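Student: Starting off with a structure, shown below.
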Amino acid sequence: MGLLLAGGLGYWLFEALGLEGFSAGIAAEALLVVVVVIWTSSYLFRVVTGRMTYMQQRRRYRSGYDQLTAQQLQERFDAMTPEQQQALMASIAEEETTQASE
């Protein structure tokens, strides 16, 4: 709907500037096509570069989530006794060697 209104406004603008009938219509259409091509190109550029609003929100959310999770894990690790910390580290090392051999 907005494109139709923009086309009509462009037609009236070009008529007001002195173009007549078909010339005003062609000029308005040409301007409208240029605007749509630029708009579409900017959208495709944002898609290719990953600068879309959803992707930016997702990156910010993931970054915040990772920081919070790391902080919570560090707090839980610090709350453990030294023996529990050593047992956990040994368990992780054992799991890593098991996964590496597979």
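Where a number appears in this text, it was derived from the coordinates with a stated rule and is not lab data. It should be emphasised that the depicted structure is a prediction, and the values quoted were computed from it without experimental measurement. Cβ placement follows ideal geometry from the backbone for every residue including glycine, while neighbour counts extend to all protein chains displayed.
Student: Between Q86, A16, S63, whose Cα lies farthest towards the positive end of the dipole of the chain when Lys and Arg beta carbons carry +1 and Asp and Glu beta carbons carry -1, centred on the Cα centre?
Tutor: Value computed over the given set: A16.
Student: Relative to the longest principal Cα axis of the chain, at what angle does helix 82-101 sit, 0 to 90 degrees, rounded to 10?
Tutor: With both axes taken from Cα atoms, the answer is about 70 degrees.
Student: How would you order 68-79, 8-19 from highest to lowest mean count of nearby Cβ atoms within 10 Å?
Tutor: Packing proxy ranking, top to bottom: 8-19, 68-79.
Student: Let me ask another. Past the 23 angstrom mark, what percentage of all C-alpha to C-alpha distances in the chain do you count?
Tutor: When every Cα pair of the chain is considered, 65 percent fall beyond 23 Å.
Student: Hey, got the dipole for the chain? About the Cα centre, +1 on K and R Cβ, -1 on D and E Cβ, debye to the nearest 20? Kindly include the intermediate steps, with their values, before the conclusion.
Tutor: Values: 7 positive and 11 negative charges, 97 e Å.
Value, rounded to 20: 460 debye.
Student: With a 10 Å Cβ neighbour count serving as the proxy for reagent exposure, in which order, fewest first, do R62, R46 appear?
Tutor: Taking fewest neighbouring Cβ atoms as first place, the list is R62, R46.
Student: Could I ask something else about it? Return the calculated 222 nm mean residue ellipticity for the chain, to the nearest 500 deg cm²/dmol, obtained by summing -39500 (n - 2.57) across DSSP H runs with n ≥ 4 and dividing by the residue count.
Tutor: My calculation for the chain gives -31500 deg cm²/dmol from helical runs alone.
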